[in-house]
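A.B. asks: What follows is a single structure, and I will ask about it in a moment.
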Amino acid sequence: MSKISYLKRILKVYLTNTESYLNFWHEDPKPSEDITPYNLEEYYMTFEDKAEYQGPRDKNGIILFNYHGDIGTQYNPVAIAQYGLAHYNIYSKTNEGYNFDEAKKHADWLIDNLEENNQGILVWKHDFKWYYKETLQKGWYSALSQGAGISLLVRMHEVTGEEKYLKAAEDAFESLEIDTDEGGVRYVDNEGNTWLEEYILSPPTHILNGFIWASWGVWDFYLATGKKRAKNLFEACIKTIKENLHRYDTGYWSLYDLSDQKMKMLASPFYHKLHIAQLNATYKLTDQEEFKEYEERFKKYQNSWFNRKKALIYKAVFKLIYF
């Protein structure tokens, strides 16, 4: 993907009324109200806006994203998992058949499309090039899609009892235990911190929102299976997030990632709000005060007119320089 193609696509998406994938991603992020840490019930975010997605679908009703430009219309495994979770949440409250069918159909797509990467690890591939720091080649995979997919699959197993969902979740979970240089999505740094990487790059960038979502998938797999290794991995991830939250705190806004560059990658207003929602849900899952503390701190930043303007200007300059 050339930089010119990237800029054309981004400008079309951001500066026109063209329907795009951003209509799905940039929802109003809300943590679920009734989070039950030890039960596979409603997912930890509502995804209520995602359930209303009106974009393209394939002949089987699976959602597609129109990325425009040289990417075109594609499946996105993260979106498919989150869309399924959105409808699972509604089904868990209403018992409506339509919502169950939507969740099941998208969970079945995940089963059918779990495939080996170049190192023999089962992953959900993104079959298009993507740009983040560098061009990710077709077939890239992510801890975010692995975690979100697992979260949907284990819930479908819980409600249907069909073993195919648990089997696929077990297959997908393996990638979360394998280091990035061996085909997995885990990275252990020199201090012994365990990270789950949204994008597989060297050096790793430690994207906060993707890491948190992936860690929830680890917890859900533990709830579904009771396997100690899953609990150990979740605890290692939570320890890493908790002990590194200060690194995402600029004193007036949150960072999107910890990539090494002169200008740090500040979170957009959407991602800053997402961090707040994720920290709220993670506090409810773990009862660890650090998550509540940073949720409140990031809320204060968001409520400050000066901080919002400062972050917006900084982000605009960052985009001009690095993208």
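A.B. asks: For region 61-107, how many residues meet the condition of being touching a Leu at 6+ places or on another chain (Cβ under 6 Å), buried (at least 21 other Cβ atoms within 10 Å of the Cβ) and free of Cβ contacts under 8 Å to residues at least 60 places away in the same chain?
C.D. replies: Counting residues in region 61-107 that are touching a Leu at 6+ places or on another chain (Cβ under 6 Å), buried (at least 21 other Cβ atoms within 10 Å of the Cβ) and free of Cβ contacts under 8 Å to residues at least 60 places away in the same chain gives 1.
A.B. asks: Go through (1) more than 19 Å from the chain's Cα centre (by Cα); (2) under 24 Å from GLU293 (Cβ atoms) one by one and return the number of the condition ILE238 breaks.
C.D. replies: Here ILE238 meets the rest and fails (1).
A.B. asks: Sticking with this one: Just one of (1) in contact (Cβ under 8 Å) with a residue 24 or more places away in the chain; (2) touching a Lys or Arg at 6+ places or on another chain (Cβ under 8 Å) trips up LYS50, so point out which.
C.D. replies: Answer for LYS50: the failing condition is (2).
A.B. asks: Pull up region 247-293, narrow it to residues that are outside any loop (DSSP other than H, G, I, E, B) and without any contact (Cβ under 8 Å) to a residue 12 or more places away in the chain, then point me to the one that is least open to solvent (accessible area, probe 1.4 Å).
C.D. replies: Initially, region 247-293 is screened for residues outside any loop (DSSP other than H, G, I, E, B), giving 247-249, 254-255, 266, 269-286, 289-293.
From the residues that got through so far, the ones that are without any contact (Cβ under 8 Å) to a residue 12 or more places away in the chain too are 247, 289, 293.
Details: ARG247: 103, GLU289: 107, GLU293: 88 Å².
Only one residue fits best here, namely GLU293.
A.B. asks: Related question: Could we say that ASN232 is not acidic (Asp, Glu) and not in a helix (DSSP H, G or I) here?
C.D. replies: On the way: not acidic (Asp, Glu): yes; not in a helix (DSSP H, G or I): no.
No; evaluated as a whole, the condition is false for this residue.
A.B. asks: Among (1) buried (at least 23 other Cβ atoms within 10 Å of the Cβ); (2) touching a strand residue (DSSP E or B) at 6+ places or on another chain (Cβ under 7 Å), which single condition is TYR165 missing?
C.D. replies: (2)
A.B. asks: So which residues in region 189-204 are open to solvent by 10 Å² or more (accessible area, probe 1.4 Å) and either touching a residue at least 40 places away in the same chain (Cβ under 8 Å) or part of a helix (DSSP H, G or I) (or both), if there are any at all? Let's see the steps before the verdict.
C.D. replies: Residues of region 189-204 open to solvent by 10 Å² or more (accessible area, probe 1.4 Å): 189-194, 198-204.
Listed by number, the residues that qualify are ASN193, THR194, GLU198, TYR199, ILE200, LEU201, PRO203.
A.B. asks: When residues of region 45-65 are filtered for being closer than 20 Å to GLY147 by Cβ and in contact with a Ser or Thr (Cβ under 8 Å, 6 or more places away or on another chain), how many remain?
C.D. replies: Total satisfying the criteria: 3.
A.B. asks: So PHE47 fits all but one of (1) out of contact with any Asp or Glu (no Cβ under 8 Å at 6 or more places or on another chain); (2) at pLDDT 95 or above; (3) hydrophobic (A, V, I, L, M, F, W, C); what number is the exception?
C.D. replies: (1)
A.B. asks: Now for a separate question. I'd like the full set of residues that are part of a loop (DSSP other than H, G, I, E, B) and either modelled with pLDDT under 95 or within 16 Å of the chain's Cα centre (by Cα) (or both), limited to region 56-85.
C.D. replies: Filtering region 56-85 for residues part of a loop (DSSP other than H, G, I, E, B) gives 56, 58-62, 64, 67-72, 75-76.
Within region 56-85, TYR67, HIS68, GLY69, ASP70, ILE71, GLY72, TYR75, ASN76 meet the criteria.
A.B. asks: Restricting the search to region 154-185, which residues are over 17 Å from TYR222 (Cα atoms) and either in contact with an Asp or Glu (Cβ under 6 Å, 6 or more places away or on another chain) or among the polar types (S, T, N, Q) (or both)?
C.D. replies: Those that are over 17 Å from TYR222 (Cα atoms) and either in contact with an Asp or Glu (Cβ under 6 Å, 6 or more places away or on another chain) or among the polar types (S, T, N, Q) (or both): THR160, THR180, VAL185.
A.B. asks: Quick test for you: out of TYR132, TYR88, pick the one residue that is modelled with pLDDT under 95, under 18 Å from the mean Cα position of the chain (by Cα) and within 28 Å of GLU52 (Cβ to Cβ). Step through it out loud before you land on a result.
C.D. replies: On the way: TYR88 fails: modelled with pLDDT under 95.
Answer to the selection: TYR132.
A.B. asks: Another one. Please specify each residue of region 205-229 satisfying the condition of being surrounded by fewer than 19 Cβ atoms within 10 Å (Cβ to Cβ) and either modelled with pLDDT under 95 or not in a helix (DSSP H, G or I) (or both).
C.D. replies: GLY226, LYS227
A.B. asks: On to the next question. Count, please, the residues in region 294-314 that happen to be open to solvent by less than 70 Å² (accessible area, probe 1.4 Å), part of a helix (DSSP H, G or I) and touching a residue at least 24 places away in the same chain (Cβ under 8 Å).
C.D. replies: Going through region 294-314 one residue at a time, the tally reaches 7.
The values are calculated or read from the model by the stated rules, or taken from the named source; none is laboratory data. As the structure is a computational prediction, the values presented were derived from the model and not from experiment. Reconstructed Cβ throughout: ideal geometry from the backbone, glycine too, with neighbour counts over all protein chains shown. For the accessible areas, the whole protein counts, side chains as well, though only heavy atoms, and no ligand, DNA or RNA atoms are used. Shrake-Rupley method; radii C 1.70, N 1.55, O 1.52, S 1.80 Å.
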